[in-house]
Amino acid sequence: MTAAKKTKPSERPENAARPCLTEMPYRAVVFAELNQHNVPLYFVGGSSAPKCKAEKALKVAFGIHGGSCFYCKKAILEADLSIDHVEPTSNEGGKAIQNLLIAHRKCNQKKAALPIEAFHPDAGKEWLTALLAQVEDRLKRIDTSK
C-alpha cells in the first residue's frame, strides 16, 4: 500500500480555480471541488444552489448579488446579462472562472473576438492587472511551499 501523496498548497485546485476579480458578484463564487472530469465546480455565497460550473455559478451570483457590466460599468438587468469569455473560446480561450466577465449583451456583441485591451483599454488594464495579481499570488505560494 502506498502512502497518499501530499499536495503542496500551490498545487491545490482552489488556488487556481478562483475568480481574479474581487468585487461582487465575482467574490461570491467559491471553489468547491473538481468533478470526475477534473472540471472545477463552485458554490455561490448566499445561494442554496447546488455546486455548478463557472459560467452558471457566475450567473447565479449575479442573480443574487446583482452587478454591472465590466466594460461600460452600467447596471445590468437580468434580461441583458451575458457572460463574456475575455479570451474568446474561438481563439482557444477557456471556460475557467478567470476568463469570464459579466457584461451587457450589446457590449459583449461589440467586443466579439477582439482582445479585451483592443476593445476597451481601461477594462483590459483592469482585468489584466487583476489576473497578474492572481498569478503573482500563486507564484508566492510556490516559493513558500518548498
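Taking GluC sites (Glu not before Pro) across the stretch 80-133, the ones in a DSSP loop with at most 14 further Cβ atoms lying within 10 angstrom of their Cβ are GLU92. Taking the C-alpha atoms only, the angle from helix 121-144 to the longest principal axis of the chain is near 10 degrees.
May I ask for the angle, rounded to the nearest 10°, between helix 54-65 and the longest principal axis of the chain, with both axes built from Cα atoms and the value confined to 0 to 90°? Computed tilt is about 60 degrees. A DSSP coil position with no more than 13 other Cβ atoms inside 10 Å describes the following trypsin sites (Lys or Arg not before Pro) in the stretch 57-122: LYS73, LYS74. Placing unit charges on the Cβ atoms of the charged side chains and taking the dipole of the chain about its Cα centre, the candidate lying farthest along the positive direction among CYS52, PRO121, GLY63 is CYS52. Kirkwood's formula applied to the C-alpha pairs of the stretch 16-144 gives a hydrodynamic radius of 15.1 angstrom.
Where Lys and Arg each count +1 and Asp and Glu each count -1, what net charge lies around LYS74 among other residues with Cβ under 11 Å from its Cβ?
+1
Along the stretch 94-111 the Karplus relation, 6.51 cos²θ - 1.76 cosθ + 1.60 evaluated at θ = phi - 60°, assigns HN-Hα couplings of x, 9, 5, 4, 5, 9, 10, 10, 7, 8, 5, 3, 5, 5, 5, 5, 5, 5 Hz to successive residues, with x for each Gly and Pro.
Nearest 20 debye, what's the magnitude of the dipole of the chain about its Cα centre given +1 on Lys and Arg Cβ and -1 on Asp and Glu Cβ?
The calculation lands at about 320 debye.
If you take the Cα centroid of the stretch 25-77 and the Cα centroid of the stretch 83-126, the two points sit 17 Å apart.
Taken together, the values in this text are just the output of simple stated rules run on the coordinates, not laboratory data. Every value quoted in this text rests on a predicted model; they were computed, and no experiment measured them. No Cβ is skipped: glycine too gets one built from the backbone with ideal geometry, and neighbour counts run over all protein chains shown.
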